[in-house]
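The next block holds one structure in the form of structure tokens; read it before the comments.
Values quoted throughout were computed directly from the atomic coordinates according to the rules given, and no laboratory measurement underlies them. Just so it is clear, the model here is predicted, and its values are computed rather than measured. Every residue, glycine as well, gets a Cβ built from its backbone with ideal geometry; the counts of neighbours run over all protein chains shown.
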Amino acid sequence: MFLCAVARPRGDWDGKVGIWPVVKNYRTQRWSRNRPAGIDEVHPVTMTREIYRDMLINDVIPAIKEKWPQAQKGIPIRLQQDNAKPHVLENDAAVIAAGCSNGWTMYPLNQPAQSPDLNCLDLSFFSSIQSLQSQTRPRTTEDLIEEVEYAFHETSADTLNKTFLTLQSVMLEIMKCGGSNTYKIPQLHKDKLRNAGKLPITLPCDVQAYWSARAAIMGPFLAPSNQDASDLDVFLY
């Protein structure tokens with residue numbers, strides 16, 4: 001198992017925060033036909049909330065602080081996670097304290113339940129890593145870790161950027177269908193647009209869908225705005 005963290009590429013940064021194996025070091029106690037005693041080996045472990053919290057505090061958050069464009073340091077960063085049981089709660093004090101130190105503002109945020117398409121890693125980024133990693137046949141845990149890390153670093157920033165555009169399209173479809181998951185992921189033909197130099201940074205958002213979604217979330221007390229459509233034609237993520 002691995003813990004992977006990415007953001008949308010920006011500036012000279014490829015958006016890849018890092019990927020970390022969930023393992024422990026183990027020294028063999030007995031001799032076998034495959035290895036002698038006293039050899040250090042790496043064994044996978046089951047992810048728990050304690051392990052996950054420790055990796056967020058000691059691996060993920062420091063990597064974000066190191067790699068994130070310093071000009072954007074003052075902008076709050078949401079650490080989006082799905083609703084898996086090992087993941088920390090949104091109000092986890094230790095994670096928030098680590099994320100909100102030295103002028104940074106980071107906090108965990110759960111994605112909506114039963115909405116796997118809202119995780120950009122599941123949309124296509126993991127499949128890109130798997131397609132590279134599947135070209136080899138690892139024999140040991142160490143081999144697997146090395147090959148997954150290599151595939152992660154070889155996956156291009158362009159692939160990651162296109163994944164975030166797909167994520168935007170999913171958000172738009174969810175808004176249009178009133179928050180349900182009865183939609184199909186649109187085909188954006190991103191490679192064709194990129195080759196033509198027309199790949200957008202953000203996708204246009206229908207004004208009616210925007211206000212309908214806000215009203216559904218905030219209730220009937222939200223008054224419509226008199227802003228022109230041009231002020232609301234981009235969905236920012």
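What is the calculated FRET efficiency for Val22 to Gln208, with r their C-beta to C-beta distance and R₀ = 45 Å, to the nearest 0.05?
E(calc), rounded to 0.05, equals 0.50.
Over the chain, what is the percentage of antiparallel beta bridges among all DSSP beta bridges, to the nearest 5?
Looking only at bridges with both residues in the chain, the antiparallel portion is about 70 percent.
Return the long-range amide H neighbours of Ile77 (sequence gap of 5 or more, or a different chain), with a cut-off of under 5 Å between placed amide H atoms.
The list, which skips near neighbours in sequence, is Thr105, Met106, Tyr107.
For segment 36-81 and segment 103-128, write down the distance between their C-alpha centroids in whole Å.
15 Å
Length gain on complete extension for the stretch Asp122 to Ala215, per 0.36 nm per residue less the alpha carbon to alpha carbon distance?
Stretched out fully, the Asp122 to Ala215 stretch lengthens by 30.6 nm.
Given 10 °C and 1.306 mPa s, compute D for segment 101-219 with the Stokes-Einstein relation, Rh being the Kirkwood radius over Cα pairs; round to the nearest whole µm²/s.
Translational D for this selection: 93 µm²/s.
Take the eigenvalues of the Cα gyration tensor for the chain, scale each by 5, and report the square roots as semi-axes in whole Å, largest first.
Values for the chain, descending: 38, 22, 17 Å.
If each of Gln114 and Ala71 carries a label point 7 Å out from its Cα toward its Cβ, how far apart are those two points in nm?
4.3 nm
What list of ³J(HN,Hα) couplings, whole Hz, do you get for segment 8-20 from phi and the Karplus terms 6.51, -1.76, 1.60, once you set θ to phi - 60° and write x for glycine and proline?
6, x, 8, x, 8, 9, 7, x, 8, 6, x, 9, 10
Which FRET efficiency, nearest 0.05, do Asp40 and Arg137 yield, Cβ-Cβ r, R0 30 Å?
For R0 = 30 Å, the calculated efficiency reads 0.85.
Which far-off residues, 5 or more places away or on another chain, put their amide H under 5 Å from the one on Val23, with H placed in the peptide plane?
Here the answer is Val45, since their amide H atoms fall under 5 Å of that of Val23.
If you build the Cα gyration tensor of segment 136-183 and take the root of 5 times each eigenvalue, what three semi-axes come out, in whole angstrom, biggest first?
Its equivalent ellipsoid spans semi-axes of 35, 14, 6 Å.
Given R₀ = 41 Å, what would the calculated FRET efficiency be for Lys198 paired with Glu154, taking r from the Cβ atoms and rounding to 0.05?
After rounding, the FRET efficiency stands at 0.95.
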